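J.: My questions all concern the structure below.
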Amino acid sequence: MELRQLSAIVGIADHGSFSAAAEALQTVQSNISAHVKKLERELGCELVDRANGQITEAGEIVVARSRRVQAELDAMLSDVVALTREVAGTVRIGIIGTTARWLVPQLLRAIPQRYPHLRLVFVESPNTRLDTQLATGQVDIAVLDLPAEGLDLAVTPLFEEDLVLVVPVDHPLATAGEVSLRELKGIPLLLPLAGTAFRADLDAALAATGTTLLARAEVDGTRLIASLTFEGWGPSILPATAVPSYLLAQFALVKVKEIPRRLVGVVRRATGLPSAPARAVLELVTEIVFDASRRPEWLTPAPPDLRQSGGDSRRSGVVRL
């Protein structure tokens, strides 16, 4: 089994065909086909369905493992370079959209000054996809809502964040400061889609108070809910950092008493040593979160008991978006 064979099967998975993989890997299609055939002979199974060009079930397993092999090779090179010169290489960071809004600019500001040879690749995804991307090696670390699914993960809780009612500044509740769920009864809201984790947690809080909310619409996706609210289609309940700073003069953020705060953490694969660049980014992310001058006001660092437990002690009270 050769590394170029693994690169060929990953190339097909990433780009959708033998020809596209060949172009991406700067070779010819016949080479890609030969590499895959040799790999199939060695493993004794078909990895690509030639009829439709799709990766087979066995091929998906090989692709996932191949990504991790490639990630370990990249990490090895970065670690050796870090010993002899300075931290250099690429770190692929998966991140949920609402946290990306404020954390990515902080990293873009800090990285060139501290690690000028470090390259960052940001992948914005919802929690469900980040779990998979982390497991298959598509991202090196992920910043997401806790608890994170999967057993093969090392979790570091970072911060807790308020979930707030977002209304225009001329709305009757804009000056309330804090409201209860009962006070929201009868107000048409943009709500998360039924069946999503965020909606399930919201419904649990409602059940505890015996309250129901009026949905103007049910929407799948926190970023889409926020966009509709900003365009005037109705109030919504969102993470506080979903509202960008340039809109704070137009919208009020009102605390909702019964809704628990969400817990956000940084996650990496538990097996294998993270590369020197990944370790540098992990340290920098933690540094930013614990610096009051660099984090948004609606966030507080995760308390010591949560950091030590990896967030497990809050499994029943964490809101997942």
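Per-residue answers, yes or no, for (1) modelled with pLDDT under 90; (2) in contact with an Asp or Glu (Cβ under 9 Å, 6 or more places away or on another chain); (3) more than 27 Å from Ala142 (Cβ to Cβ); (4) assigned by TED's automatic domain parsing to the domain that holds Pro105:
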residue	(1), (2), (3), (4)
Ala217	no, no, yes, no
Asp220	yes, no, no, no
Ala226	no, no, no, no
Gly232	no, no, yes, no
Ser236	no, no, no, no
Pro244	yes, no, no, no
Gln250	no, no, yes, no
Val266	no, no, no, yes
Leu273	yes, yes, no, yes
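J.: Another one. With the structure loaded, tell me whether Leu103 is crowded, with 20+ Cβ neighbours inside 10 Å, of a type in the set (A, V, I, L, M) and modelled with pLDDT under 90 or whether it fails that test.
T.: Working: crowded, with 20+ Cβ neighbours inside 10 Å: yes; of a type in the set (A, V, I, L, M): yes; modelled with pLDDT under 90: no.
When the stated conditions are applied, Leu103 does not pass them.
J.: Also, quick follow-up: Working only within segment 1-29, note down all residues that are β-branched (Val, Ile, Thr) and either closer than 21 Å to Gly44 by Cα or modelled with pLDDT under 85 (or both).
T.: Within segment 1-29, Ile9, Val10, Ile12 meet the criteria.
J.: Report yes if some residue within segment 142-155 is outside any loop (DSSP other than H, G, I, E, B), at pLDDT 90 or above and assigned by TED's automatic domain parsing to the domain that holds Pro105; otherwise report no. Quick ask: steps written out before the conclusion?
T.: So the first thing to find is which residues in segment 142-155 are outside any loop (DSSP other than H, G, I, E, B), and the list is 142-145, 153-155.
With the extra rule that they be at pLDDT 90 or above, the set shrinks to 142-143.
Among the residues that remain, those that are also assigned by TED's automatic domain parsing to the domain that holds Pro105 are: 142-143.
Among the residues of segment 142-155, at least one is outside any loop (DSSP other than H, G, I, E, B), at pLDDT 90 or above and assigned by TED's automatic domain parsing to the domain that holds Pro105, which makes the answer yes.
J.: Could you say whether any residue in segment 195-215 is farther than 19 Å from Val264 by Cα, modelled with pLDDT of 90 or more, in contact with a strand residue (DSSP E or B) (Cβ under 8 Å, 6 or more places away or on another chain) and outside any loop (DSSP other than H, G, I, E, B)?
T.: The answer is yes; a qualifying residue exists.
J.: Continuing with the same structure: Output yes when any residue across segment 174-187 is of a type in the set (Ser, Thr, Tyr), outside the structural domain of Arg295 (by TED's automatic domain parsing), in contact with a helix residue (DSSP H, G or I) (Cβ under 9 Å, 6 or more places away or on another chain) and at pLDDT 90 or above, and no when none is.
T.: yes
J.: Looking only at segment 117-133, decide whether some residue is among the charged types (D, E, K, R), in a helix (DSSP H, G or I), under 30 Å from Pro239 (Cα atoms) and in contact with a Leu (Cβ under 9 Å, 6 or more places away or on another chain).
T.: Within segment 117-133, one or more residues are among the charged types (D, E, K, R), in a helix (DSSP H, G or I), under 30 Å from Pro239 (Cα atoms) and in contact with a Leu (Cβ under 9 Å, 6 or more places away or on another chain).
J.: Considering only segment 32-45, state which residues are surrounded by 14 or more Cβ atoms within 10 Å (Cβ to Cβ), without any contact (Cβ under 8 Å) to a residue 24 or more places away in the chain and either in contact with a strand residue (DSSP E or B) (Cβ under 8 Å, 6 or more places away or on another chain) or not hydroxyl-bearing (Ser, Thr, Tyr) (or both).
T.: Those that are surrounded by 14 or more Cβ atoms within 10 Å (Cβ to Cβ), without any contact (Cβ under 8 Å) to a residue 24 or more places away in the chain and either in contact with a strand residue (DSSP E or B) (Cβ under 8 Å, 6 or more places away or on another chain) or not hydroxyl-bearing (Ser, Thr, Tyr) (or both): Ala34, Lys37, Glu40, Leu43, Cys45.
J.: Give me the residue from segment 156-173 that is part of a loop (DSSP other than H, G, I, E, B) and charged (D, E, K, R) and, out of that set, farthest from the chain's Cα centre (by Cα).
T.: Result: Asp170.
The values are calculated or read from the model by the stated rules, or taken from the named source; none is laboratory data. Bear in mind that the values here come from a model prediction, so they are computed numbers and not experimental data. Neighbour counts run over all protein chains shown; Cβ positions are idealised from the backbone, glycine included.
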